[in-house]
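Please treat every number below as a calculation from the coordinates, not as lab data. Bear in mind that the values here come from a model prediction, so they are computed numbers and not experimental data. In this analysis, Cβ positions are derived from the backbone assuming ideal geometry, glycine residues included, and neighbour counts consider all displayed protein chains.
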Amino acid sequence: MSNLAARLRARRAHTRTRRAVSKAIDTATTTTMRDELITLAQTHGYQKSKPRV
């Protein structure tokens, strides 16, 4: 049971980080900073998710 709980915590943490990265990209003040954040996100696997329809 603890393995399942650990996986759920990890998934929530990943989602929280992805949301924070997306927000940082959306609110970046300069295009250079935005590009840097996008590159960082892609490198670490936190790509901006596609909006749900």
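In region 2-44, if the dipole is taken from +1 on Lys/Arg beta carbons and -1 on Asp/Glu beta carbons about the Cα centre, which of HIS14, LEU37, LEU4 is farthest to the positive end?
Farthest towards the positive end: LEU4.
Taking Cα atoms of region 2-44, Rg/Rh with Kirkwood Rh, to two decimals? Walk me through the intermediate numbers first.
Working: Rg = 13.4 Å, Rh = 11.4 Å.
For region 2-44, the value is 1.17.
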